[in-house]
Amino acid sequence: MCGETPRDPDAHRALAAVMQMAGRTGEAIGAMRDAVSLAPDNPGLIVALGQVQASAGLIDDAIASFRAAGDRAPDSVEAWYLLGATHYGAGRMAESLDALQRAHAIAPSQPEIALLLADVLFLLGRREDALVHFTRLATIQPPNAMRTLRIAQCHRALGEPELALEHAQAWSGEPFAPLWLEIGGLHEDLGDADAAHEAYLRACSLQPRWAEPVSALIALRREACPDTVIEAARTLLADTATPGRSRALLHHALGKRADRMDACSEAAAHWREANRLRRIDDGALDRTAHRARIDALISRTSKGVGAPLRDTGEASARPLFIVGMTRSGTTLAEQILAAHPSAHGCGELPVFTDSGGALADAPFTRDRDVLAELAIRWRAAVARTSPGAASVVIDKHPFNLEQLALVAAALPDARVVWCRRDPRDTALSIYAESFAPDARYATDLDDIRFMIDEQARLMRHWRRVLALPIIELHYETLVAQPDMQARRLVEFAGLSWHDDCLDFHARTRRVQTHSRWQVRQPIHRGSVGRWMRYPAWFEGWPTDDAGEGRSGEA
């Protein structure tokens, strides 16, 4: 019998453990495969094989093993949790979510599962769902800085910066630089530049080699930024250990500062490098896929969108959606309307943009239950931020533009303001800004122009097939005729005129977009024709969206 291969799978598992401890990973995997071959229906052995594979960096093999274990034992918390955690580590958040939801459904009281599930939901942009889990965890676990940060970030994303700041400032544990960075951003949202400055400085002092608070300080103070901060930025850029994304942030901020100081060549060089670095990390826009998505939206709604719902919810406030390209004046339009005593600006609510992706392949406009649930969710999101007395509530998420068929079906009394701007100024403003990684179009001027044209194409379609009242608001006309255009906007919203609408900049109000400081100033023409400072970038560009004139403005 000496020398025969043992027939006991546990013996092979024990051998695998010894080999792994000795650093002989390949032999450990072989031993675990032998164990599984002897007991192929034992999910515990398959999970153990996956763990050895994961420790060896064989991620796809480990995922296959955990998946196989889950399929054999659907109630195996361990299999689904490890599958979700492995997908998470590989950056595959959608796959991770599915596995973690299975694990959480089986073991809802296990905090490590709930915590990872909450973080995946957060990273997927589902901040309301993430907040539910983070908040529940806060009641059963001791407080910690990272969870406090996530709760603050969720509230901020849901349009509740005051509540987010309250949570963030309540943390009394060990100093945590990311939390101070978030506090700085929240103070900016709420219009307190000095408090933001102090918070960013605190983050810098806690983590001196971190580019994010340095870039935030430069973007906040620009030409008035202290020399010590500028020198810190240059030191970080000269350090090859500084990650590409962090370098891009610094280049974006230094570009804005140079532009403000009329050093346009220097600004252009910073922005080119920032976007080159971002494109390396985030990839390029897939124009073919984006065009196909717009084609599909148009095709599915060319024959109409079905009978709209009778709006669901007790709230009587009329919905008004402000859409358009980022940096086309959407925040300015919202601020004018939100200054009215009978209106409330909710910021950028993610309800329709989140739902549009999930329902992309469904005949959503004829599914009454789905539409009713969507209307209820939107009204609930409004209620989170609205004082309740407003007769008009404003959702200014620019990319609701792609979801207007859903809006028309779920909220039939909605009205839409389509913000438009000279595409050259829009493109420059986007190119000079640091957006989220999924905004791949923002790193290339031609991609930005492509997005502008595709939005115009879709809006022309919506105007043909939707019953929604839609008004065009051109940024250049608004700043040239502020009184006339503001009155036109207020009238379209169904409100009587109020002088506060032209004094919006004097009101203390949260603004959670990149233009938060610009819209706290009176309307001015300083941003019109700014592209002419960089003429070589815009040779041959049209003067209006997709080369159109303004005949559709009325």
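For this structure, a couple of remarks:
- Of the helices (runs of 4 or more DSSP H) that lie entirely inside the range 333-433, those containing 3 or more residues that are at pLDDT below 95 and in contact with a helix residue (DSSP H, G or I) (Cβ under 7 Å, 6 or more places away or on another chain) span 351-358, 368-385, 404-410.
- Filter pass, ARG420 being under 13 Å from THR326 (Cβ atoms) and basic (Lys, Arg): yes
- Cross-chain or 6+ apart pairs with Cβ under 6 Å, the range 320-338 first and outside the structural domain of ARG440 (by TED's automatic domain parsing), then in a helix (DSSP H, G or I) and small (Gly, Ala, Ser): none
- The sole residue among ALA152, ALA199, ALA263, ALA170 that is surrounded by fewer than 19 Cβ atoms within 10 Å (Cβ to Cβ), of a type in the set (A, V, I, L, M, F, W, C) and at pLDDT 95 or above is ALA263.
- Tabulated pairs, the range 282-300, first closer than 14 Å to HIS461 by Cα, second in a helix (DSSP H, G or I), C-beta under 6 angstrom, 6+ apart or interchain: ILE294/GLU454; ILE294/LEU458; ILE298/HIS461
- Flag: ALA103 does not match the condition of being outside the structural domain of TRP378 (by TED's automatic domain parsing), buried (at least 19 other Cβ atoms within 10 Å of the Cβ) and under 26 Å from THR353 (Cβ atoms).
- Test: residue in the range 114-135 that is crowded, with 18+ Cβ neighbours inside 10 Å, closer than 27 Å to LEU45 by Cβ and not assigned by TED's automatic domain parsing to the domain that holds HIS344: yes
- ASP422 closer than 24 Å to ALA268 by Cα, in contact (Cβ under 8 Å) with a residue 40 or more places away in the chain and surrounded by fewer than 18 Cβ atoms within 10 Å (Cβ to Cβ): no
- Going through (1) farther than 23 Å from GLY44 by Cβ; (2) free of Cβ contacts under 8 Å to residues at least 24 places away in the same chain; (3) in contact with a Leu (Cβ under 6 Å, 6 or more places away or on another chain) one by one, LEU100 falls short only on (1).
The values are calculated or read from the model by the stated rules, or taken from the named source; none is laboratory data. Predicted model only: the values in this text are computed from it and were never measured. A quick note on method: Cβ atoms are made from the backbone with ideal geometry, for glycine too, and the neighbour counts reach across all protein chains shown.
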